[in-house]
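The values are calculated or read from the model by the stated rules, or taken from the named source; none is laboratory data. Note that the structure is predicted; figures quoted are calculated from it, not measured. Here the Cβ positions follow ideal geometry from the backbone for every residue, glycine too, while neighbour counts run over all protein chains shown. We work out accessible area using only protein heavy atoms, side chains counted, and drop any ligands, DNA or RNA first. Shrake-Rupley method; radii C 1.70, N 1.55, O 1.52, S 1.80 Å.
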Amino acid sequence: MAGEPHRIVVVGAGFGGLEAIHHLKGAPVEITLVDRRNHHIFQPLLYQVATASLSTSEIAWPIRHLMRGRPEVTTLLGEVTGIDALARQVLLKDGARLAYDTLILATGARHAYFGHDEWEPHAPGLKAIEDATTIRRRILLAFEKAERETDPEVQDALLTFVIVGAGPTGVELAGTIAELARDTLAPDFRRIDTHKARVVLVEAGPRVLAGYPDDLSDYTKQSLESLGVEVVLGAAVTECTADGVVYGGKLLPARTIVWAAGVRASPAAEWLGVPADRNGRIIVEPNLTVPGHPEIFAIGDTVSLAGPNGKPVPGIAPAAKQAGVYVARVIRARLADAPAPPPFHYKHQGSLAQIGKKRAVIDFGWIKLRGALAWWIWGIAHIYFLISVRSRLSVALSWLWIHTRNQRSARLITQGSDEDDSHAQKV
Ligand SMILES: Cc1cc2nc3c(=O)[nH]c(=O)nc-3n(C[C@H](O)[C@H](O)[C@H](O)COP(=O)(O)OP(=O)(O)OC[C@H]3O[C@@H](n4cnc5c(N)ncnc54)[C@H](O)[C@@H]3O)c2cc1C
């Protein structure tokens, strides 16, 4: 109706959704932001929660609080299960419907097990806060159980940590678990020598950090090995069980397995019945609208789009944020009856991965960095992108403690300490 504010529903308060809302400030719109979680997560540091380096509240913030200064934004906790595109309504799990004039889908992705979902209870992936605390719990419990174990074979399995997938998350997890065992935990245990813990990084491809230049990839492998990580390349995992991991036709007994090997988009493409790529990502138009639905935008990890040089736009935070900024511009132009902005153009700013204390790799394209300098830049960049001043100070302090005293203060086993790990709940 004329005179009524334009209704925008944003599904997902991740990097893409929040950035779109941020750039719609002052526009004549009424926004409903719906997310199935009450918090926004800084996923790049999730592995530090999983490895007891940071606590959950240092990398996650209540969405409602983030929107407190935006009276035109209503935050709802709810899970979206479908979209009635004809009626222009978003369907929630509890039966509620949210009407929209424009819809922004920013629902991200989750880990995927290449058709073997039965592996998930044995090899949790890392995406949500619950995933991180589950992994942290398993790692810490394994050391606790090993301290009391008398059977050497079982003790070896308890002290073997396998990470499947040597992308940035796998590398970061492997390096940090090795440092946790070697530096942090060693003085705290009496019966076991935590230096003997095995950290095995298994990768199906021929290199670690496959998306990085060869020399940075080689440096990363050597750095991991110097931390004591066993890097196994060209080995596809064919089974994950409560007993361990099978690759190359052999079982490696291990009680802790972490999955960092594959992702699958949210079911947004299924909600709309539109074409998706093999990872379930919506194949969007160059202006980030869903084919056949100019009033629906999809951004971030849940979409597939060719970037510069025909390469796909990567599933990383800056890509989701740039898409959020772009969509806000398109909506503003439409509301002002102004010409539509040119198609979305993704600008790659660089790739960063931490390997361990004072070791990281950075590929800015025009310059490649590794070692301590890269680590400082990595650290400063991550602190800069955290949301609040409190989090920045808190993370900086936690890192100072880790680097000067080897102390990781978030070594808490939560969700009980006697539950059988292999049957931990799905999150
Ligand atoms: C462990 C890990 C480490 C990473 N490290 C880096 C890094 O170092 N650098 C980097 O640039 N990128 C990194 N990434 C990738 C980066 O986090 C993602 O590319 C980015 O979060 C994508 O943003 P998004 O807005 O598309 O989705 P997300 O940020 O994932 O947000 C999606 C939101 O949608 C909500 N949602 C999903 N489904 C529903 C539903 N049905 N109903 C309601 N709400 C829903 C979710 O709760 C979530 O809040 C990492 C990712 C992970 C998992």
Calc'd 3J(HN,Hα), segment 187-200, phi into Karplus 6.51 cos²θ - 1.76 cosθ + 1.60 (θ = phi - 60°), Hz, glycine/Pro = x, comes to x, 8, 10, 10, 8, 9, 9, 5, 4, 7, 4, 9, 10, 10
Relative to the compact globular guide of 2.2 N^0.38 Å, what is the alpha carbon radius of gyration of segment 191-268, as a ratio?
1.27
So for the chain, taking the charge dipole from beta-carbon charges (+1 Lys/Arg, -1 Asp/Glu), which of Gln43, Gly170, Ile192 sits furthest toward the positive end?
Gln43
Note: segment 48-114 at 25 °C, 0.890 mPa s; Kirkwood Rh on alpha carbon pairs; Stokes-Einstein D in µm²/s works out to 162
Please compute, for the alpha-carbon atoms of segment 98-140, the extent along each of the three principal axes and give them in descending order in Å.
48, 25, 13
Local charge sum around Trp401 (other residues, Cβ-Cβ under 13 Å, Lys/Arg +1, Asp/Glu -1)?
+2
Given a Förster distance of 60 angstrom, what is the FRET efficiency for Thr81 paired with Thr150, based on the Cβ-Cβ distance and rounded to 0.05?
0.75
Working out 0.36 nm times the residue gap between Asn406 and Ala99, then minus their Cα-Cα distance, what length gain in nm do you get to one decimal?
105.3 nm
Please report the antiparallel percentage of DSSP beta bridges with both residues in the chain, rounded to the nearest 5.
50
Express the carbon and sulfur contribution to the solvent-accessible surface of the chain as a percent, rounded to the nearest whole number, probe 1.4 angstrom.
54
Largest first and rounded to whole Å, the semi-axes √(5λ) derived from the alpha carbon gyration tensor of segment 40-197 read 41, 18, 13
Between Ile383 and Ile413, take the C-beta separation as r, use R0 = 25 Å, and let me know the FRET efficiency to the nearest 0.05.
0.35
If you project the alpha carbons of segment 302-400 onto the principal axes, what extent comes out on each, in Å, largest first?
52, 35, 23
Report the Rg/Rh value for the chain, based on alpha-carbon coordinates and the Kirkwood definition of Rh.
0.98
What 222 nm value per residue comes from the helices of the chain, counting each DSSP H run with n ≥ 4 as -39,500 (n - 2.57) and dividing by all residues, nearest 500 deg cm²/dmol?
-9000 deg cm²/dmol
Work out how much length Arg70 to Lys358 would gain on full extension: take 0.36 nm times their residue separation and subtract the Cα-Cα distance, in nm to one decimal.
99.7 nm
As I understand it, the dipole of the chain uses +1 on the Cβ of Lys and Arg and -1 on the Cβ of Asp and Glu, about the Cα centre. Which of Gly26, Ala109, Gly234 lies farthest toward its positive end?
Gly26
Regression test value, accessible area per residue of segment 310-422, probe 1.4 Å, units Å², expected 57
Note: segment 242-332 at 25 °C, 0.890 mPa s; Kirkwood Rh on alpha carbon pairs; Stokes-Einstein D in µm²/s works out to 161
So how much accessible area does Trp61 have, in Å² to the nearest 10, using a 1.4 Å probe?
10
Set Lys and Arg Cβ to +1 and Asp and Glu Cβ to -1, take the dipole of the chain about its Cα centre, and tell me which of Ile139, Leu209, Gly356 lies farthest positive.
Gly356
antiparallel share of DSSP beta bridges within segment 1-131, to nearest 5, in %, is 40
Quick one: divide the alpha-carbon radius of gyration of segment 120-250 by 2.2 N^0.38 Å and tell me what you get.
1.05
Quarter of Cα convex hull surface for segment 1-91, i.e. mean projection, nm²
7.1
Given R₀ = 30 Å, what would the calculated FRET efficiency be for His6 paired with Asn279, taking r from the Cβ atoms and rounding to 0.05?
0.40
